[in-house]
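Engineer: Sharing a structure below in structure tokens format, with a few things to ask.
Any read-out appearing in this document is the output of simple, stated calculations on the displayed coordinates, not a laboratory observation. The structure displayed is predicted, hence computed values, not measured ones. Ideal geometry is used to build each Cβ from the backbone, glycine not excepted, and the neighbour counts take in all protein chains shown.
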Amino acid sequence: MDILLITLCGICLLLGLVGCLLPVLPGPPLAYIGMVFLYFTTPPPFTV
């Protein structure tokens, strides 16, 4: 499930970046949706 969410996050962030340059795509909302997808992933374990 995490791989799917990270993939969707990457796609949305790239479309958001393209949307900042093209007036057809809404850039900031797409980038925000990508960050929301990233929020729902589980963080990797941190070990020393």
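Engineer: Can you tell me the 0 to 90 degree angle between the C-alpha axis of helix 27-39 and the longest principal axis of the chain, rounded to 10?
Structural biologist: It works out to around 10 degrees.
Engineer: Over the Cα atoms of the chain, Rg to Rh with Kirkwood Rh, two decimal places?
Structural biologist: Details: Rg = 12.7 Å, Rh = 11.2 Å.
Ratio of gyration radius to Kirkwood radius for the chain: 1.13.
Engineer: List the chymotrypsin sites (Phe, Trp or Tyr not before Pro) in the chain that DSSP assigns to loop (not H, G, I, E or B) and whose Cβ has at most 11 other Cβ atoms within 10 Å. Which are they? All intermediate terms of the calculation are to be shown ahead of the outcome.
Structural biologist: Details: sites: Tyr32, Phe37, Tyr39, Phe40, Phe46; in loops: Phe40, Phe46.
Qualifying residues, ordered by number: Phe40, Phe46.
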